[in-house]
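What follows draws every value from the coordinates through simple rules; no lab data is involved. Because the structure is predicted, anything quoted here is derived from the model rather than measured. No Cβ is skipped: glycine too gets one built from the backbone with ideal geometry, and neighbour counts run over all protein chains shown.
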Amino acid sequence: MKPAIIEPIFQSQSRINQDVADLPPSGIRRFFDLAANTPGVISLGVGEPDFATPWHISEAGIHALEMGQTSYTSNSGMPRLREEVSAYFERIHHCRYDPAGELLITIGGSEGLDLSFRALLNPGEEAIIVDPSFVSYAPLAILAGGKAIRIPTTAENGFVPRREHLEKALSPRTKILVVNYPNNPTGATLTMENVEEIADFVLRSDLILVSDEIYLPLSYETKGISFTSIPELREQLVLLHGFSKAWAMTGWRLGIAAGPRDIIAAMTKIHQYSIMCASSLAQIAAIEALKNGADEVERMRREYDARRRFIASHFNRLGLDCFIPKGAFYVFPSIRRTGLSSEEFALRLLEDERVAVVPGTAFGECGEGHIRCSYATSLEEIREAINHIEHFLTKNHPEIVSESLPLPYREEKAEH
Amino acid sequence: MPLQNKILEALERDARLSPADIAVMVEADEETVKEEIHRMEKEGIILGYKAHINPERREAQKVACLIEVSVQPERGHGFDKIAERIYNYPEVQSVFLVSGGYDLLVVIEGKTMRDIANFVIEKLSILPNVRSTASHFLLKKYKELGTVLVQYPERERIPVSP
């Protein structure tokens, strides 16, 4: 008998969880669709390294596959990997995390973020989130049953939250503060004073700080500062890290969560039911990354370092003001002088010049007036993109474009 | 790191960078960078700026051959004199003195295999100090000067990601 054809009912959202139904779709998604349908697009919109995973790391993964190391691992991650992670934190940040109980290997930094919210937030409890910030923070807090309270940051304050804004966001339901430095999308970093100030706020307000430090190895000019440098914070700090950015391993999906025993145990409990364990192949590759990857990380860091000065200087020349970022691989130039909104600017640039950038508003309201440009793209492509942006601006806003490069280093000339 | 090394690193990345761009990348002013590049050109530190062409894909194909050459070193000159007599031929691309079973590794290029055979027979083997040669025709270049030359599927990166 022929089955009756049943029309799918898309209108009814009643069977979808209300929180999920209410979540706005990611602002980045729209630009992804537009850019993907633009042939010959030059993209500064990519949030991942342009390098392939260093070969010695991939080779370790291939070897693991050949050897049939394809089983489940311990829920928390392979003991050998946790030991390497512990040794890494000790080597780089001089802090000790016990491989048994204070570390968890996750599916990318994103899972660690999701787990921290789910492990910490009771219904209605609040997470303070810096605006602009990575697209997942607020939605994941909401999906965990919590509320996201956004606090503004601006270019004038180097996209670092001010104490008064932090204090203002506090309520009896505040549980978590989420920070991410070096920052996506702004490229902002913290000084030691910033770190102390934020730590002081967290300690005084008895919050838990979730610090996403995945970009920390990609710090320029100075060594990046981790919140682990404040020992008093230890019991209130969940540190999220991962292999995607510095080791160019985005597709392997491997992250690290480090923190006090009770929180890591709670996160591990969720992880054990929902995920079981991270990929065994990725974990074996990550062991190699931590053991022998320092030179390759440094090679890529130096490449980004050269590009960041190049791209930031050219944006300043073109009248799109931006500071020279000291971390991650993004610049966040201001497009205010064009009089366009972030969305309009990004849309027109894509339509007229086939250059993809991400409007700052994809990362929160405070991103208005800015665009995020990634320099995890070859120098040739960056140069081509700059040429197109120059063409776009000279056509529409010739008054803001200047011919010669500004020399931001003239005064503090380095004595290398 | 000394300025010279930083400038060289930038030029090795992309020889078409302007002095202004290099200045921004190495934290120096443009005049200093110009002077430093000029000095390095004069001193033979920078030898030139050539396009890096993929021989596998260009239209005018050439034939290349690696020749192992065993030679009799000379009193007072060692291998230098005989190396010079070889490297002065314009068709010789590279000459290396190496340890192991032979002495000089000579890389030569020609339009046809006949060109190369003629070079070995008429120019190389007849040199008085050359004891023997073994020629290896190059079949395929996979990687040269740090760049992979063979075509492989382009890495797929989604154009916009968070």
After finding the eigenvalues of the alpha carbon gyration tensor for the stretch A:291-416, what semi-axes result from the square roots of 5 times each, listed largest first in whole Å? 26, 18, 14
Near the amide H of B:Glu144, under 5 Å away, which other amide H atoms are found, from residues 5 or more places off or on another chain, if H is placed in the peptide plane? B:Leu149
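Across peptide B:17-24, what mean number of C-beta atoms from other chains lies inside 10 Å of a residue's C-beta? Don't skip to the end; give the middle numbers.
Details: counts 4, 1, 0, 5, 8, 2, 6, 15.
Partner Cβ neighbours, averaged per residue: 5.
Using Cα pairs closer than 8 Å and at least 6 residues apart in sequence, work out the relative contact order for chain B, in percent. Spell out each step's value before the answer.
On the way: 171 pairs, mean separation 33.6, N = 162.
Relative contact order comes out at 21 percent.
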Within a 10 angstrom radius of each residue's Cβ in B:25-34, how many Cβ atoms of other chains show up on average? Whole number is fine. 4
Would you compute, from DSSP H runs of 4+ residues alone, the mean residue ellipticity of chain A at 222 nm, taking -39500 (n - 2.57) per run and dividing by the full residue count, rounded to the nearest 500? -12500 deg cm²/dmol
Using the Cα centre as the reference, give the magnitude of the dipole from point charges on the C-beta atoms of chain A (Lys, Arg: +1; Asp, Glu: -1; all else neutral), rounded to the nearest 20 debye. 480
Taking the stretch B:11-155, the equivalent ellipsoid from its C-alpha gyration tensor has semi-axes in Å, biggest first, of 36, 23, 13
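If the only charges are +1 at each Lys and Arg Cβ and -1 at each Asp and Glu Cβ, what is the size of the charge dipole of the stretch B:63-139 around the Cα centre, to the nearest 20 debye? All intermediate terms of the calculation are to be shown ahead of the outcome.
On the way: 7 positive and 9 negative charges, 27 e Å.
With only Lys, Arg, Asp and Glu charged at Cβ, the dipole is about 120 debye.
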Using a cut-off of 14 Å between beta-carbons, work out the net charge of the residues near A:Asp206 (Lys and Arg +1, Asp and Glu -1, A:Asp206 not included). -3
Please report the Cα spread of the stretch B:3-42 along all three principal axes, rounded to whole Å, starting with the longest. 21, 19, 16
Charge dipole of the protein assembly as shown built from unit charges on the beta carbon (Lys, Arg +1; Asp, Glu -1), centred at mean Cα; most positive-end Cα among A:Ile128, B:Gly100, B:Val120 is B:Val120
Mind jotting down the distance between the C-alpha centroids of the stretch B:1-55 and the stretch B:91-120, whole Å? 32
Just how many pairs of Lys in chain A have C-alpha atoms closer than 25 Å, counting pairs that are eight or more places apart or on different chains? 11
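Taking every pair of Cα atoms in the stretch A:60-155, average 1/r, invert it to obtain the Kirkwood radius, and report Rg/Rh to two decimals. Could the numbers behind the result be given before it?
Details: Rg = 17.4 Å, Rh = 16.0 Å.
In the stretch A:60-155, Rg relative to Rh is 1.09.
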Across the protein assembly as shown, how large is the tail of the calculated P(r) beyond 45 Å, expressed as a percent of all Cα pairs? 29
